[in-house]
Amino acid sequence: AVFHAVGLEIDQFAHPDTVISYVDGSRLLEQCVAATGCEHFGLLLGELGGSSSLGISGFMLRAAPDVSTALLSLQKHIDLHDQGGVVTLDHKKDMGFLGYEVQLANAHTPEVILDLSVAIECKIMRELCGAEWTPTKVFFSHRKPKDSLPYQDFFQAPIRFSSSRNGLAFPAFCLRQKPLGSDPLLFDFLQQQASQLHENQNSDLRHGLR
């Protein structure tokens, strides 16, 4: 019933390569929150995610030579999976910041999308740096929810709501770490595949515009 309410069929989600619009996905999240009454539904969904839920843009992360290269590749190729938001990566002095921002103005419930996305970013950092990794601080632009304990339990770090940005602050030395599954040859191969997908994507856009 939740899927039907937004014009989607649950069978569409049987294969991970199925493409739906960002707006339809946001409407589905909105219906999930309404049906469950769970304000932190996006956070719970993000806890189930990780690099492998981002397609090829996520598969290459653990093969990268270091965390910085992995995150830069995620920033470059995230649009192969997500065309409604952007990954941000900043490095100032001794602190790094991995963020996510919704760019599509007509997306529904952006706060749920942000919870989902920042949780997945945290899962990715734990895949790259170790399961015990925790951020220094977590930021969300939306207001503090009625129950913030699930956020505290998951991130295990101070959380600032009603902020100007969304994402994770962490010590800059994390960027120099080598992921456990680092494989430079595999990383280069996946980079080439991602670049080819970008070329095909751009070709389809030009054809459509003509």
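The values are calculated or read from the model by the stated rules, or taken from the named source; none is laboratory data. A quick note: this is a predicted structure, and the numbers were derived from the prediction, not measured. FYI the Cβ positions are ideal-geometry reconstructions off the backbone, even for glycines, and counts take in every protein chain you see. Accessible surface is based on the protein model in full, side chains and every heavy atom, while ligands, DNA and RNA are left aside. Shrake-Rupley method; radii C 1.70, N 1.55, O 1.52, S 1.80 Å.
Exactly one condition in (1) open to solvent by 30 Å² or more (accessible area, probe 1.4 Å); (2) closer than 23 Å to Val33 by Cα; (3) out of contact with any Ser or Thr (no Cβ under 7 Å at 6 or more places or on another chain); (4) at pLDDT 95 or above is false for Lys146; which is it?
(4)
Going by what's in this entry, would Leu61 be described as within 27 Å of His142 (Cα to Cα), aliphatic (A, V, I, L, M) and in contact with a Leu (Cβ under 9 Å, 6 or more places away or on another chain)?
No: the conditions fail for Leu61.
Taking Ser117 as the residue in question, decide whether it is more than 22 Å from Ser26 (Cα to Cα) and either open to solvent by less than 50 Å² (accessible area, probe 1.4 Å) or in a loop (DSSP other than H, G, I, E, B) (or both).
Criteria not met by Ser117.
In the range 127-164, which residue that is in contact with a helix residue (DSSP H, G or I) (Cβ under 8 Å, 6 or more places away or on another chain), in contact (Cβ under 8 Å) with a residue 60 or more places away in the chain and not hydrophobic (A, V, I, L, M, F, W, C) is nearest to Asp66 (Cα to Cα)?
Glu127
Among the residues of the range 53-108, write down those that are of a type in the set (Val, Ile, Thr), over 21 Å from Ser163 (Cα atoms) and open to solvent by 10 Å² or more (accessible area, probe 1.4 Å).
Once the filter is applied, which keeps residues that are of a type in the set (Val, Ile, Thr), over 21 Å from Ser163 (Cα atoms) and open to solvent by 10 Å² or more (accessible area, probe 1.4 Å), the range 53-108 yields Ile56, Thr69, Ile78.
Count, please, the residues in the range 59-91 that happen to be outside any helix (DSSP H, G or I), touching a residue at least 12 places away in the same chain (Cβ under 8 Å) and not small (Gly, Ala, Ser).
Looking only at that region, the number is 11.
With the requirement that a residue be outside any helix (DSSP H, G or I), closer than 19 Å to Gly84 by Cα and either open to solvent by 70 Å² or more (accessible area, probe 1.4 Å) or touching a residue at least 12 places away in the same chain (Cβ under 8 Å) (or both), what does the range 12-52 give you?
If the condition is that a residue be outside any helix (DSSP H, G or I), closer than 19 Å to Gly84 by Cα and either open to solvent by 70 Å² or more (accessible area, probe 1.4 Å) or touching a residue at least 12 places away in the same chain (Cβ under 8 Å) (or both), then Pro16, Asp17, Val19, Ile20, Gly49, Gly50 are the ones that fit.
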